[in-house]
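A.B. asks: Structure below; questions to follow.
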Amino acid sequence: MKQQRSQFRAIRGVRDILPPESALWNRVEQTAHHVFATYDFQEIRLPIFEETELFARSVGSDTDIVSKEMYTFQDPLDLDQLVKAYAEGGPNPYKKAFGREGLKAALWEVMPEFQWLTLRPEATASVVRAYIEHSMHTLPGDVKLYYMGPMFRRERPQKGRYRQFYQIGAEVLGQSDSPAIDAEVIEMLMAYLDRLGLSGATLYVNSIGCKECRPEYVAKLREELLKVKDQLGADSQRRIETNPLRVLDSKLEHEQAIIERLPRISDHLCAACREHFAELQAQLKLRSIEYKINWRLVRGLDYYTRTTFEITAPGLGSQNAICGGGRYDGLVELLGGPPTKGIGFAIGTDRLVLALQEAGKGESASHIDVFVAWLGRAESPVYAAAVKLTRQLREEGFVVELPPEEMKLKKSLGLADKLGARYALIIGEDEIASGSFVLKRLADSEQRKLSESELLNYLKSDENRKVAAAQRQS
Ligand code: HAM
């Protein structure tokens, strides 16, 4: 008989985000809410799973994501819904012949019983699906949306690469493909990273042309690749047929010199794409955004046209891309919507958090302001006073820890110290009798006696000093 497991662990490539690191995640997400809002982006909350076909059609069935990495499963069809659709769809022969239950039974016989669903590997496809489903093209101006949440790809796990990972992304959908939109999206991204205090990030940009000029370039690239096929690895050899552009992405050492000699897309852009890319660069300069051109930046998803970009951060090893994005004019049409232009990006939150930690910006200061060291029994007035004061302090916004059981003073102060609390507030019978409490600053053991109102005022003014000092430093 199979022995029962005594413990469970998170599955490979999937992890828990524990405190205190979760505080940094909160900061990263809150800052995104704040910064993106100043650019008039609004949040969209999307489902975690969608029809498999949505990703196959948008991301592309030859991409690594769709061909190897998706978590896909079969879900029984909701026959009730199907029957309702039939019943409401006007006269049909089955309705009379079978009746509702009969139709359901008949459908079970003839229909494939399952639909294919996939845990989202990215969210641009979902945003576009929602844009079409809710007729957002009728809204005034460009539709500017952002999202955050988990994505799923069955990749080989390593530092910075997980099977459940998180993204913070933003998309602009509308009628204009002006490079000013691309530049503003990038500006928002850089402003966000700046606000988080991330330094040393590098922005790479490229243009991969449009459906007018890219096919010709791809044909030329394939022709050149076929000449050097024998010198390439198996993956690149396969990609000559399926997706030659992806060969440019290769990290294989021995392929680098060969790739450097291949034709570059910048020499094959049509006049409109060349102009678009030049204007994007002018717009970036106008905004004093530093960038580097990387002609090999083709990205691993099929929906891109023209602008592509990526941001790398130091200290992350091989998984150093903290953000990727680009333009996807035509994707809305591909998924059945009206002609629409689109551009956006997604930040890998896991990698951004790692990068902030590497840059020394990951520390979150001790979060406990006051540890209430109360001395007495649970039914004593001391405890009642401690409960009341704790609530008052929390209402003022202080983080307060109140031990649930009586503790000796030494133990209480020891725990307050270990938890990194800024102050211990000592409440015993003497303090209740005299109406003044002892507030001990744990960093230097300075003690002061304060009445209840003095206590609140003192903590508030001290808090103001702390905030002012933090602002001076940043
Ligand atoms: P992507 O380049 O596939 O683009 O992913 C964006 C970012 O997600 C990457 O730069 C990386 O930081 C992070 N990421 C991807 N896979 C993993 C993983 N397995 N573990 C940890 N982090 C990962 C997209 O997803 C597009 N939807 C971006 C976009 C939005 N383009 C236009 N709009």
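A.B. asks: Please compute the contact order of the chain in relative form: average sequence separation of alpha-carbon pairs under 8 Å and at least six residues apart, divided by the residue count, as a percent. Show your work: numbers first, answer last.
C.D. replies: On the way: 730 pairs, mean separation 70.4, N = 474.
Relative contact order of the chain: 15 percent.
A.B. asks: Let's test the formula: R0 of 30 Å, r as the Cβ-Cβ distance of Asp75 and Ile17. What FRET efficiency results, to the nearest 0.05?
C.D. replies: Details: r = 28 Å, r/R0 = 0.94.
It comes to 0.60.
A.B. asks: For segment 380-441, which trypsin sites (Lys or Arg not before Pro) are both in a DSSP coil and crowded by at most 16 other Cβ atoms within 10 Å? Present the calculation step by step, with values, prior to reporting the outcome.
C.D. replies: Numbers: sites: Lys388, Arg391, Arg394, Lys408, Lys410, Lys411, Lys418, Arg422, Lys440, Arg441; in loops: Lys408, Arg422.
Sites meeting the loop and neighbour criteria: Lys408.
A.B. asks: Using Cα pairs under 8 angstrom and six or more residues apart, how large is the relative contact order of segment 373-427, in percent?
C.D. replies: Numbers: 47 pairs, mean separation 27.2, N = 55.
Reported relative contact order: 49 percent.
A.B. asks: While we're on this one: Between the alpha-carbon centers of segment 417-464 and segment 1-35, tell me the distance in whole angstrom.
C.D. replies: Computed from Cα coordinates, the inter-centre distance equals 36 Å.
A.B. asks: Right, another one. Under the rule a/c < 1.5 gives rounded, and otherwise a/b versus b/c splits prolate from oblate, where does segment 354-452 land using the Cα gyration tensor?
C.D. replies: Details: a/c = 2.17, a/b = 2.11, b/c = 1.03.
Because a/c hits 1.5 or more and a/b exceeds b/c, segment 354-452 counts as prolate.
A.B. asks: Tell me, for the chain, which Cys residues have no other cysteine's C-beta sitting closer than 4.7 Å.
C.D. replies: That list is Cys210, Cys273, Cys323.
A.B. asks: Which residues does a label at Asn26 reach in segment 370-399, if reach means a backbone N under 17 Å from a point 7 Å past the Cα toward the Cβ?
C.D. replies: 370-371, 394-399
A.B. asks: Toward the positive end of the charge dipole of the chain, about the Cα centre and with charges on Cβ (Lys, Arg +1; Asp, Glu -1), which of Ile186, Leu335, Ser436 goes farthest?
C.D. replies: The residue sitting most towards the positive pole is Ser436.
A.B. asks: Could I ask something else about it? Dipole of segment 281-370, Cα-centred, from +1 at each Lys and Arg C-beta and -1 at each Asp and Glu C-beta, to the nearest 20 debye? Walk me through the intermediate numbers first.
C.D. replies: Numbers: 10 positive and 9 negative charges, 98 e Å.
Using only the charged Cβ atoms, the result is roughly 480 debye.
A.B. asks: Only loop residues by DSSP count here, and only those with at most 12 other Cβ atoms within 10 Å; note down the GluC sites (Glu not before Pro) in segment 421-464 that meet that. Numbers along the way, then the final one.
C.D. replies: Values: sites: Glu429, Glu431, Glu446, Glu452, Glu454, Glu463; in loops: Glu446.
Of the GluC sites (Glu not before Pro), the ones in loops of segment 421-464 whose Cβ has at most 12 other Cβ atoms within 10 Å are Glu446.
A.B. asks: Another one. Expressed as a whole number of Å, what is the distance separating the alpha-carbon centroids of segment 213-284 and segment 310-346?
C.D. replies: 18
A.B. asks: Please work out the average accessible area per residue across the chain, using the 1.4 Å probe convention, and give it in Å². The partial results should precede the final answer.
C.D. replies: Details: 25530 Å² over 474 residues.
Result: 54 Å² per residue.
A.B. asks: How high is the FRET efficiency between Gln175 and Glu133 when r is their beta carbon distance and R₀ equals 25 Å, given to the nearest 0.05?
C.D. replies: Working: r = 19 Å, r/R0 = 0.76.
For Gln175 and Glu133, the calculated efficiency is 0.85.
A.B. asks: Show me the trypsin sites (Lys or Arg not before Pro) within segment 147-211 that DSSP assigns to loop and that have at most 16 other Cβ atoms within 10 Å of their Cβ.
C.D. replies: On the way: sites: Arg153, Arg154, Lys159, Arg161, Arg163, Arg195, Lys211; in loops: Arg153, Arg154, Lys159, Arg163, Lys211.
Those that pass, being in a loop and sparsely packed, are Arg154, Lys159, Lys211.
A.B. asks: Right, next: For a label point 7 Å from the Cα of Lys68 along Cα→C-beta, name the residues of segment 197-239 whose backbone N is under 13 Å from it.
C.D. replies: From segment 197-239, the list is 234-239.
A.B. asks: So, one more: Kindly identify the chain as rounded, prolate or oblate by the Cα gyration tensor criterion: order the square roots of the eigenvalues as a ≥ b ≥ c, call it rounded if a/c is under 1.5, otherwise compare a/b with b/c, prolate if a/b is larger, else oblate.
C.D. replies: Details: a/c = 2.26, a/b = 1.60, b/c = 1.41.
Prolate shape, in that a/c is at least 1.5 and a/b is the bigger ratio.
A.B. asks: Over segment 306-439, what is the relative contact order in percent, taking alpha-carbon pairs closer than 8 angstrom and at least six residues apart? Don't jump to the answer; show the numbers that get you there.
C.D. replies: Working: 204 pairs, mean separation 27.1, N = 134.
Over segment 306-439, the number comes to 20 percent.
A.B. asks: Using label points projected 7 Å from each Cα along Cα→Cβ, tell me how many nm separate Gln4 and Arg195, to one decimal.
C.D. replies: In this crude label model, Gln4 to Arg195 measures out at 5.1 nm.
A.B. asks: To the nearest 20 Debye, how big is the dipole of the chain about its Cα centre, given +1 on the beta carbon of each Lys and Arg and -1 on that of each Asp and Glu?
C.D. replies: Working: 64 positive and 67 negative charges, 201 e Å.
Dipole magnitude for the chain comes out near 960 debye.
A.B. asks: How large a share of the accessible area of the chain, in percent, is made up of carbon and sulfur atoms when the probe is 1.4 Å and the other protein chains stay in place? Working shown, then result.
C.D. replies: Numbers: 12810 of 25530 Å².
Roughly 50 percent, rounded to a whole number.
A.B. asks: Rounded, prolate or oblate, given the Cα gyration tensor of segment 124-249, with a/c below 1.5 counting as rounded? Spell out each step's value before the answer.
C.D. replies: Working: a/c = 1.83, a/b = 1.43, b/c = 1.28.
The shape class here is prolate.
A.B. asks: Another question, if that's okay. Quick check for you: which residues of segment 375-389 have the amide N under 11 Å from the point 7 Å beyond the Cα of Glu406 toward its beta carbon?
C.D. replies: Only 375-383 fall inside the zone, counting backbone N under 11 Å.
The values are calculated or read from the model by the stated rules, or taken from the named source; none is laboratory data. Just so it is clear, the structure is predicted and the values come from calculations on it, not from any experiment. When we count neighbours, we look across all protein chains shown, and the Cβ atoms used for this are built from the backbone with ideal geometry, even at glycine. To get the accessible areas, we keep the full protein, side chains included, count just its heavy atoms, and leave off ligands, DNA and RNA. Shrake-Rupley method; radii C 1.70, N 1.55, O 1.52, S 1.80 Å.
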